[in-house]
Structure formats: structure tokens, C-alpha cells
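Some notes on the structure that comes next.
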Amino acid sequence: MLTKKGYMGWAPDNVYGEPENQTRIGDLIAVIFGCSTPIVFRPNGGTFQVVGEAYVQGLMDGEALDLLAEGEVKQTRFTFS
């Protein structure tokens, strides 16, 4: 997968499973405090549905915290369904 900001990595793509378990254009990637990997999630009305975990080069080893400290990304609160 490739993000709008140019990050490359792997995201859920279970071609034999249900379509809702596959990453789609418009899904979001977040680094959630306490999680060991970034999470792919999807807007679902007023909440968000977790699609699965992802590998994102450049966000795996604490780089997201550096980006937060530098003001490149922002901290946001989400409600998952």
C-alpha cells in the first residue's frame, strides 16, 4: 500500500475473506498509543471500524512520536465500533 503522504507498507488484504476485512481507498492509518503496530481503520458513521494492523515503513520504531513532537502530525481521539 501507499499512503497520500508517500509512506509504503503492508495493510490487510484478505482476498478470500469478507470485503470489510480488506483495506480500501479512504481507509485511515493511525499509530495508537500502547499498540505495537499501526492500525488501519475505516470511518463508520460517527465511529470507526478497525480493519487490522499494518506495517508502515517510517512509522514502526517510534518515528510517529518524533513526528508528533515536531508538529508534523497531530494527536486525535477516536471512538471505535
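None of the figures in this text is laboratory data; all of them are computed from the coordinates on show. Not measured: the values here are computed from a predicted model. Cβ atoms come from the backbone with ideal geometry, glycine included; neighbour counts cover every protein chain shown.
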Tell me the label-point distance for the pair GLN57, PHE33, using the 7 Å Cα-to-Cβ offset, in nm and rounded to one decimal.
-> 3.0 nm
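Whole number please: convex hull volume per residue, Cα atoms of the chain, in Å³.
Details: hull volume 8.4 nm³, N = 81.
In the chain, the Cα hull volume divided by residue count equals 103 Å³.
Dipole size in debye (nearest 20) for the chain around its Cα centre, Lys and Arg Cβ +1, Asp and Glu Cβ -1?
Values: 6 positive and 10 negative charges, 61 e Å.
The calculated dipole for the chain is roughly 300 debye.
Note down the net charge around ASP66, summing +1 for each Lys or Arg and -1 for each Asp or Glu among other residues with Cβ under 15 Å from its Cβ.
Working: positive: LYS5, LYS74; negative: ASP61, GLU63, GLU70, GLU72.
Combined, the nearby Lys, Arg, Asp and Glu give -2.
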Percentage relative contact order, the chain, counting C-alpha pairs under 8 Å, at least six apart | 26 percent
Once you put a point 7 Å from the Cα of ALA69 and another 7 Å from the Cα of LYS5, both along the Cβ direction, what distance in nm separates them?
-> 1.6 nm
What is the distance, in nm, between label points placed 7 Å from the Cα along the Cα-to-Cβ direction at THR76 and at ASP13?
-> 2.4 nm
